[in-house]
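Asks: Pasting a structure below so you can have a look.
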Amino acid sequence: MKEKTNSKVNRYRGDSSYEYMRDSKQTFNCWEVVNNKFWPHFHSSIELIYVTEGELKVTLNSQLYCLQENQIFIIPSYYIHSYDTDYYSKAYIAIIPLDSVPSYKTQLAKKTFVKPLIDNSPNTQELLHLFKTLSLYDVNSNEAITAGIRKGYSYALLGLLIKESGLTETESSRTISLAQEILIYLQDNYLKPLKLEETAAHFGYSKSRFSHIFNEYFDCSLVDYINGLRSRHALKLLQDTNDTVTDIALSCGFDSTRTFYRAFYKAFGCTPGDYRNSM
């Protein structure tokens, strides 16, 4: 088994911050990530994972999957999912907006994947090659030939996975779930003062009932989830601004630097100052 990385700080740098609760932009992306951890979220793009080393835990609509080496996982559009790594994991993640593969967009409008987990695939090496190749092309490149290559590989990757998993009919009318409504609300309001009682009332529940529902859906408390969102926002400000740690804490919705330090350390395994010094 691989040794656990010694640098908790660097684990959270790089393209792993691409993922958002909802799409900030409809953009293709593919990258390799070590020791992936991410809060529950969803988006309209299809997300594909290929684990190359270790064990990666993926929770999809409240069901836990423990992915091992050479296993592939498919996350359909608008499914709530999260990641966790207990010891060590390395994986490729591909984000494919359906608008970039119009033929499959039509097909997947009324169908979804029969099984999200692909194991013992006879096409393992071919699939790994596709993930590796896609990760080499600059997502920010506007060159027509680069976009065309990405599109071709995306079609090949989705085509093989549809063949492996199979498709099944979905319900004709898909309504947004309570869990999705909660995530949208928190994403839109996490920089504001948010209390359990007010959030529960917004959704028509008592404090105790809403707290139970939230823990059941997301396996954490409301406070921990909000502080996680705020900490990720703070991470971006530490990267992109020269603001003081105190100013960043207050602008991210924390009521004190003490709370900010505790939440940031819980999310990233280092203090805000240590993170900034590591850049």
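Where a number appears in this text, it was derived from the coordinates with a stated rule and is not lab data. No experiment lies behind these values; they were computed from the predicted model shown. Glycine also receives a Cβ, built like all others from the backbone with ideal geometry; neighbour counts cover every protein chain displayed.
Asks: For labels at His129 and Thr59 in the simple 7 Å Cα→Cβ model, what's the distance in nm?
Replies: 3.8 nm
Asks: In cubic angstrom, how much convex hull volume per residue do the alpha carbon atoms of segment 178-278 span?
Replies: 94 Å³
Asks: Still on this structure, I have one more. Cα gyration tensor of segment 10-169, axes a ≥ b ≥ c as square roots of the eigenvalues: rounded (a/c below 1.5), prolate (a/b > b/c) or oblate?
Replies: Since a/c stays below 1.5, the shape of segment 10-169 is classed as rounded.
Asks: Hey, any idea what Rg/Rh is for segment 83-129, computing Rh the Kirkwood way over Cα pairs?
Replies: Rg/Rh for segment 83-129 comes to 1.03.
Asks: Order 271-278, 95-102 from most to least packed using the mean count of other Cβ atoms within 10 Å.
Replies: Descending packing order for the listed peptides: 95-102, 271-278.
Asks: By count of other Cβ within 10 Å, fewest leading, how are Cys30, Cys66, Cys252 ordered?
Replies: The order, fewest Cβ neighbours first, is Cys66, Cys252, Cys30.
Asks: Within segment 211-255, name every residue whose backbone N is under 18 Å away from a label modeled 7 Å from Cα of Tyr185 along the Cβ vector.
Replies: Of the residues in segment 211-255, 211-230 have backbone N under 18 Å from the label point off Tyr185.
Asks: Further question on the same structure: 7 Å from Cα along Cα→Cβ at both Ser256 and Ser206: what's the point-to-point distance in nm?
Replies: For Ser256 paired with Ser206, the spin-label model returns 3.0 nm.
Asks: Students often get this wrong, so check it: of Lys207/Lys236; Lys110/Lys151; Lys90/Lys207; Lys111/Lys132; Lys57/Lys163; Lys192/Lys266, which have C-alpha atoms separated by over 29 Å?
Replies: Pairs exceeding the cut-off: Lys207/Lys236; Lys90/Lys207.
Asks: Moving to a separate point now. Kindly provide log₁₀ I(q)/I(0) values, in the same order as q = 0.10, 0.12 Å⁻¹, from the Debye equation applied to equal alpha-carbon scatterers of the chain.
Replies: -0.57, -0.82
Asks: Roughly what would the spin-label model give for Lys110 and Cys220, points 7 Å off Cα along C-beta, in nm?
Replies: 3.9 nm
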